[in-house]
4 protein chains.
Amino acid sequence: MGKVKIGVIGCGNIANNAHIPSYLNNSEAEIRYFCDCVPERAQNAVKKYQCGTAVSDYKEVLCDPEIDAVSVCTPNNMHSIITIDALMAGKHVLCEKPAARTYAEAVKMQKAQQESGKILNIGVVNRFNDAVNKIRQMIEDGELGEIYHVYVSFRSHRSIPGLGGAFTTNAISGGGVLIDWGVHFLDIVMYCTGDPSVKTVSSEAFCRLGKKIEEYTYVDMWAGPPQMDGTYDVDDSITGIIRTDGPVISFNGAWAQNIGENEMFIDFMGDKAGIRLQYGGGFVKYGVHNKMLSKTEYQFRSSDMFQNEIDGFVRCVQSGEKLPSNIDITIKTAEVMEGIYQSARLHKEVEF
Amino acid sequence: MGKVKIGVIGCGNIANNAHIPSYLNNSEAEIRYFCDCVPERAQNAVKKYQCGTAVSDYKEVLCDPEIDAVSVCTPNNMHSIITIDALMAGKHVLCEKPAARTYAEAVKMQKAQQESGKILNIGVVNRFNDAVNKIRQMIEDGELGEIYHVYVSFRSHRSIPGLGGAFTTNAISGGGVLIDWGVHFLDIVMYCTGDPSVKTVSSEAFCRLGKKIEEYTYVDMWAGPPQMDGTYDVDDSITGIIRTDGPVISFNGAWAQNIGENEMFIDFMGDKAGIRLQYGGGFVKYGVHNKMLSKTEYQFRSSDMFQNEIDGFVRCVQSGEKLPSNIDITIKTAEVMEGIYQSARLHKEVEF
Amino acid sequence: MGKVKIGVIGCGNIANNAHIPSYLNNSEAEIRYFCDCVPERAQNAVKKYQCGTAVSDYKEVLCDPEIDAVSVCTPNNMHSIITIDALMAGKHVLCEKPAARTYAEAVKMQKAQQESGKILNIGVVNRFNDAVNKIRQMIEDGELGEIYHVYVSFRSHRSIPGLGGAFTTNAISGGGVLIDWGVHFLDIVMYCTGDPSVKTVSSEAFCRLGKKIEEYTYVDMWAGPPQMDGTYDVDDSITGIIRTDGPVISFNGAWAQNIGENEMFIDFMGDKAGIRLQYGGGFVKYGVHNKMLSKTEYQFRSSDMFQNEIDGFVRCVQSGEKLPSNIDITIKTAEVMEGIYQSARLHKEVEF
Amino acid sequence: MGKVKIGVIGCGNIANNAHIPSYLNNSEAEIRYFCDCVPERAQNAVKKYQCGTAVSDYKEVLCDPEIDAVSVCTPNNMHSIITIDALMAGKHVLCEKPAARTYAEAVKMQKAQQESGKILNIGVVNRFNDAVNKIRQMIEDGELGEIYHVYVSFRSHRSIPGLGGAFTTNAISGGGVLIDWGVHFLDIVMYCTGDPSVKTVSSEAFCRLGKKIEEYTYVDMWAGPPQMDGTYDVDDSITGIIRTDGPVISFNGAWAQNIGENEMFIDFMGDKAGIRLQYGGGFVKYGVHNKMLSKTEYQFRSSDMFQNEIDGFVRCVQSGEKLPSNIDITIKTAEVMEGIYQSARLHKEVEF
């Protein structure tokens, strides 16, 4: 086949910062459509990138028989709808994370993938991050021994995005800090520890600091500024414990908390050695060597994980290759997240 | 009454570093006995402190009608036995923490206190720490708003005490890092947040790094060195989540872990402000003031918490005063700890 | 009225870095003239900003009946002349700080304002700085108790601007570090402590390090390089004490000194708490809370003080609003500065 | 003559920490009397140092014809009385700083010295400090050019000594932070810049933070703890400007202030170079070299300034040598201090 013809559906931040430039860098791909329900956004993309056609209805993209694949970069509430439509229309799909707002939606997407036989990858982009892959390799090689506990910290002082908007409206996003940040952290854990199956989840979620929108104090706001008459009904912080058939996972996450530290890391605790990964950065390995305690920092050239993700997707479309970001694997993360929100709602542990 | 006559039962570290010097500094107290099942230890104390009589059987102390009160500073397995005997002999008791190895033992101690009408305080010494009391006051004054979540971190790289000895033998100690360190941290949380009642506990405990005693690598060992043929059957690390009728409490603790950070703190997360207490040190308050985010460090003179504890106990003996360290309040911490160990054994959440 | 039509008189640093971009950002303002006695500068502004007409005689601007207001951004010696002409021509005026070279000139400007009834604001831009306003609010709210002493430090190692040029020629600038930097610092003090009246001033000024222009050693020079045959007859450092009906103010200032520290701050000493403001940056509050000494740092979003100043001026023109930067209030700072230079000349205290 | 026979009058901190050990180290001196109006203190000294006789009336010391010299180490209010009595009794005197509570008292002491012909040195011990002497030498050698301005900072966050006691009772001490700390700083300036004559002083003193003794918050207190029913009527902070026939001196001092920085230094500003001396520590020289700005730190072995002071005094007694600490020179510092307090009382400048 020739170049993979792409439609980008949803022309917001993640499309402009990640998907589009990566497709443009890939000589096997060609963007044919920019689609956004806000027509101006699609038109701006056409102008800026000097290619493609601007449309506002994603079905136009799906009707074009020349299109091979689409990137779904919309708010979370449209993920499953567009993805399923696209698969049924015979298109391969790269859908941004989280797969969907709920596990039920994700399951429908998986079924559509199976029925259509097309590729469905989820944008769990950290599976294409070099540091993450190096850790995964070290665990697989047995360097850490048995990983019995992973502690996940995605805690920030003030980082609620677009307070009052799509990010903080449950009907659109499906959740707050867990579904926005936690999905990445948990997916890294799943990926590095062999995608274990979940047995129990006990958690609590808090919707506190963003509740009175006008009183929320912050320095910078991503996807801001706040909409004073908007909705805020999602988790700004969350905590819990997950038992799996692999390691126990405990976690604390916060988009906002009254502790002024940004602690964004994952601790892999093995019985031979351990690793602390700074999210988005490097990692340190703590071990034992010749009866000495050792602490090792690593330096390495890092490739662009978004480019890797897009290159991988284009390759899948061309060859049928199945990546670790495919729906059958990543749906487990959706399941865990469903369990977390369910336990938080019930205020008791849920079993799988 | 005249001076309070004291018998010190158990002449190890905690007696020599804390109880004995504090009694000597208190002009209302007089140590009459040093008791230890290792006769040499009791004799050394008599020599060093130039007072009292050395005995090896604690019942000798209890038989002396002149003795008003005893400090129980033995390993955990003897706490309930000696405390109950002492109360029944009409003595007031200050028993080192934890109250006992198990909740059942603690309940028996409480019953003996009720029957005897004597004072029974537990050595939850942080209730006499100035920083802790200042935090408690700030919470009570509403400065933090509602405390909805407390995260407790008692994680150290390498700190297993006396590997193979009393501390790491479950039959003697009743547990590892939770019962040795966690008791202090959880007791601070209970004390500062109004001693809430526990509703559910889900936790997992790990016995990993000390298991092969000869392979355990460390730099310093408190209560060491390792006994190569000793027992190691307790938790070296632990994690979990506790729901109460007050805040949710989540925790990570480790005597030993393959993460080379010592993170010993408690985060009180309120909806108005938050506090991070460095265990054994100061604290920082994070809040909001005139639409600014604020970070406040405090300086203050600190009194000796062990002296405060002993002075308080002596005062109780003289006046019948009831302190926040009395058994009726502190038994709640024993109950929580029981729940944590039970959930860890069952690998599922327990409800109260 | 429609958009406010503006003439910018003087197209040097402060015009290009502050006034012009802020007018361009204000949808209610429209720049019609760029005026500079160096024709090239005015022409460059027209080219760069794609608007307005370039003129070299400010009277042309004043003659245009469509012009509502002017920004006076010339060297200090022209401030009073142009401002008075502009007011008499019926224009509103925003005049850069200092109001004038001397108090006498400032008084004439004030009279012209009163006669004309037009707005006359002085460019004491720190009155539009968020940190300054937050401090002022805290003082007004009584958080610091009574401010009894303010210490003002505007000391730099090597910062004489344009050595030999307009800045260092007394006939043009009216003074050195005091009139260039001190005016900002003293104005902040006046503004934050309720614009108190001055009672006595005792001070000494030094003209030392720039005197032999060719020997002056420096790393960078703002408004430089040195003109070897230029004039240097102003204060490069200054010190003194001011009694007011509010706090006592003591100060040390230096454009250049043989102490290699840049200490640019204001200490507000109250009997309840104190604040150190880092000039152009944030501030720290030192207080007492529950018998502890506290140190609090604040984080907040800062708006652009120059934009605020210009927006405020445009609003004044439209509505007649009187801002704290109007001549009747800011003339007090001119009076203090006059007193400082007078005391330094007489080598004794002057009384008001 | 044989060994110099010494009487130590006043056996408090400065005697025990400085005078006595230095006499004991000097093979030419012999302590014959320890005198204190609190008999126990004198007796303790005899016991501790195993020499001399304990007396409680200083006149007993003065009556002993064998005594050559006395150290006056009492509170400030007794300095002039005892010193004058001693001189009239034919004894040489080393009197602790400040010479006296007031200039008038100091003048009487100077007259008594002149009439008696005996040595009268004041304990301006920094004149025997190596760093101070090195700076003095550099200034004398012209390395700094002309010193035109000295800025003196003796500011601390919380350091009121013995709140409510002798230090803070004006009738005993004659003043607060100026007379206790300022005397050292000003004396260093006088000494290093050739003991210039004072022309004017303008200053303000503040008695704020110690006023409500029970509300004063601190961490440690020298000469403490506070006496809740004691007196506090001295300056806890002070500021001013001094013109001399040498450099201008400006100063800020605080035993206590609501700025949490300890800034204890003297800046000597010369037109060739400058020096910042950290009080009690080292110094840094800022200069120019080959058109470069230079910053030079010095390291050197330091002798004990108290030992030097005592050795010098003993030498004076033996040889009649006149040291820079003799009353005729140091009385100038007393005069400056008198002027500072007078100006602060009158709220206007005083001329000499």
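Within the range A:332-352, can you find the residues that are in a helix (DSSP H, G or I) and surrounded by fewer than 22 Cβ atoms within 10 Å (Cβ to Cβ)?
A:LYS332, A:GLU335, A:GLN342, A:ARG345, A:LEU346
Quick check on my filter: what residues within the range A:94-120 are farther than 23 Å from A:PHE185 by Cα and open to solvent by less than 40 Å² (accessible area, probe 1.4 Å)?
Matches in the range A:94-120: A:ALA112, A:GLN113, A:SER116, A:ILE119.
Under 26 Å from C:PRO225 (Cα atoms), of a type in the set (Asp, Glu) and either touching a Ser or Thr at 6+ places or on another chain (Cβ under 7 Å) or open to solvent by 20 Å² or more (accessible area, probe 1.4 Å) (or both) - does that describe any residue in the range C:167-189?
yes
For C:GLY246, state whether it is more than 10 Å from chain D (Cβ to nearest Cβ), modelled with pLDDT of 95 or more and within 26 Å of D:GLU263 (Cα to Cα).
Here the answer is yes, as C:GLY246 does meet what is asked.
Quick one: which residue in A:SER197, A:SER173, A:SER156 is away from every other protein chain (no Cβ under 13 Å), over 23 Å from A:LYS348 (Cβ atoms) and among the polar types (S, T, N, Q)?
Answer to the selection: A:SER173.
So which of B:ASN258, B:ASN252 ends up being more than 23 Å from the chain's Cα centre (by Cα) and closer than 21 Å to B:PHE167 by Cα?
B:ASN258
Out of the residues in the range B:276-329 that are under 17 Å from B:VAL124 (Cβ atoms) and of a type in the set (Ser, Thr, Tyr), which is surrounded by the most Cβ atoms within 10 Å (Cβ to Cβ)?
B:SER325
For the subset of the range B:202-215 comprising residues that are facing chain A (nearest Cβ under 9 Å) and open to solvent by less than 100 Å² (accessible area, probe 1.4 Å), which member is farthest from B:ARG243 (Cα to Cα)?
B:LEU209
Test D:GLU66 against the stated conditions and say whether it is open to solvent by 10 Å² or more (accessible area, probe 1.4 Å) and either touching a helix residue (DSSP H, G or I) at 6+ places or on another chain (Cβ under 9 Å) or within 14 Å of chain C (Cβ to nearest Cβ) (or both).
Here the answer is no, as D:GLU66 does not meet what is asked.
If we only count helices (runs of 4 or more DSSP H) wholly inside the range C:1-83, which ones have 3 or more residues that are touching a Cys at 6+ places or on another chain (Cβ under 9 Å)?
Fully inside the range C:1-83 and qualifying: C:39-49, C:58-63.
Return the pairs, sorted by first residue and then second, in which the second residue is open to solvent by 80 Å² or more (accessible area, probe 1.4 Å), the first residue lies in the range B:289-301 and is more than 7 Å from chain C (Cβ to nearest Cβ), the beta carbons are less than 9 Å apart, and the residues are 6+ apart or on different chains.
Qualifying pairs under 9 Å: B:ARG301/C:LYS291; B:ARG301/D:ASP220.
For the range D:69-85, check the following and say yes or no: at least one residue is in contact with a His (Cβ under 7 Å, 6 or more places away or on another chain) and open to solvent by 30 Å² or more (accessible area, probe 1.4 Å).
The answer is no; no qualifying residue exists.
Name every residue in the range C:257-287 that is part of a strand (DSSP E or B) and within 7 Å of chain D (Cβ to nearest Cβ), in order of residue number.
C:ASP267, C:MET269, C:GLY270, C:GLY274, C:ARG276, C:TYR286, C:GLY287, listed by residue number.
Would you point out which residue out of A:ALA273, A:ALA254 is buried (at least 24 other Cβ atoms within 10 Å of the Cβ) and either free of Cβ contacts under 8 Å to residues at least 12 places away in the same chain or under 20 Å from A:VAL150 (Cα atoms) (or both)?
A:ALA254
For C:ILE238, which of the numbered conditions (1) in a loop (DSSP other than H, G, I, E, B); (2) within 14 Å of another protein chain (Cβ to nearest Cβ) fails to hold?
(1)
Mind checking whether some residue in the range C:313-320 is part of a loop (DSSP other than H, G, I, E, B) and at pLDDT below 95?
Scanning the range C:313-320, I find at least one residue that is part of a loop (DSSP other than H, G, I, E, B) and at pLDDT below 95, so the answer is yes.
Please work out which one of (1) touching a Gly at 6+ places or on another chain (Cβ under 7 Å); (2) closer than 14 Å to A:VAL8 by Cα is the condition A:ILE82 fails and give its number.
Among (1) touching a Gly at 6+ places or on another chain (Cβ under 7 Å); (2) closer than 14 Å to A:VAL8 by Cα, the lone unmet condition for A:ILE82 is (1).
Give me the residue from the range B:123-153 that is in contact with a Ser or Thr (Cβ under 6 Å, 6 or more places away or on another chain) and away from chain A (no Cβ under 13 Å) and, out of that set, most open to solvent (accessible area, probe 1.4 Å).
That would be B:ASP130.
The values are calculated or read from the model by the stated rules, or taken from the named source; none is laboratory data. Everything numeric in this text was worked out from a predicted model, so none of it was measured. Positions of Cβ are backbone-derived with ideal geometry, glycine not excepted, and every protein chain shown enters the neighbour counts. SASA here: full protein model, heavy atoms, side chains in, ligands and nucleic acids out. Shrake-Rupley method; radii C 1.70, N 1.55, O 1.52, S 1.80 Å.
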